[in-house]
1. Please report, as a whole percent, how much of the solvent-accessible surface of segment 24-100 comes from carbon and sulfur atoms (probe radius 1.4 Å).
2. Let me understand the chain better: what is its radius of gyration from the alpha carbons, and its Dmax, in angstrom?
3. Quote the charge dipole size of segment 18-146 about the Cα centre in Debye, to the nearest 20; the model charges only the Cβ of Lys and Arg (+1) and of Asp and Glu (-1).
4. What relative contact order, as a whole-number percentage, does the chain give when Cα pairs under 8 Å and 6 or more residues apart are counted?
5. Distance from the Cα centre of segment 40-60 to that of segment 72-150, in angstrom?
6. Using the heavy atoms of the protein chains alone and a 1.4 angstrom probe, what is the accessible area of the chain per residue in square angstrom?
7. Show which lysines lie in cross-link reach of residue 16 when reach means a straight Cα distance below 20 angstrom and same-chain residues fewer than eight apart are skipped.
8. Considering the dipole of segment 56-150 built from charges on the beta carbon (Lys and Arg +1, Asp and Glu -1) around the Cα centre, which of 135, 101, 122 is farthest to its positive end?
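The values are calculated or read from the model by the stated rules, or taken from the named source; none is laboratory data. Every value quoted in this text rests on a predicted model; they were computed, and no experiment measured them. Note: ideal-geometry Cβ built from the backbone for every residue, glycine included; neighbour counts use all protein chains shown. Areas reflect the complete protein model, heavy atoms only, side chains present, ligands, DNA and RNA absent. Shrake-Rupley method; radii C 1.70, N 1.55, O 1.52, S 1.80 Å.
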Amino acid sequence: MGSLVGWLGAAYPWVKAAHVIFVIFWMAGLFMLPRFLVYHQETVPGSPEEGRWAVREARLVSIILNPALLAVWAFGLALLVNVGAATETWFRLKFLVVIGLTFYQFWMVAYAKKLAAGRRTASDRALRMLNEIPSLATILIVILVIVRPF
C-alpha cells in the first residue's frame, strides 16, 4: 500500500496524488483564462458576446480556478510540512514560482472584472504575452521538482 512517510503516514501518496491532480486542474484554468480574456477584449463593448465572455470567465474562476488554487495550496503545504523540503533550494525556487502564479491568477481575475465592467486597460499584445506565463512556469516547476538542479 502506501509508505509511512512523515505525519501523513499511509495518506502521503494520496495527498501527493491529490496535489498533482489539482495542479493539473489549476494549470488548465490558468491556460484558459488568459485566452478567454484575449477573446473578450476583442468583442464590441456592451455587446451580447461581451456579456457571454464575462459569464464564461466568472464560471471558470468559480468552478475551476479558485477551488483548484485552494486545493493546490492546502495539499502542497501538507506535503511541505510532511517532508520538510523548505530548506532545499529547488523547493524555494518552486515556491516562489507558485506564489508568482497565484498573483498571476489574482491579476487575471481582476482584469476579467475590469473587462466585465467595460474597461480595457491592457493591450491585446500584452494579454497575448501574459498568456505564456503559465507555460513558462510549468516548465520551470517540472524541472525544479523532477531534476532538482539546485
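1. Details: 2790 of 3930 Å².
Taking all protein chains in place, segment 24-100 shows 71 percent carbon and sulfur surface.
2. Computed over the Cα atoms of the chain, radius of gyration and Dmax are 17.8, 57 Å.
3. Values: 12 positive and 7 negative charges, 42 e Å.
The calculation lands at about 200 debye.
4. Details: 128 pairs, mean separation 48.2, N = 150.
In percent, rounded to a whole number, it is 32.
5. Answer, in whole Å: 25.
6. Numbers: 8660 Å² over 150 residues.
Computed with neighbouring chains in place, this is 58 Å² per residue.
7. Filter leaves 94.
8. 122
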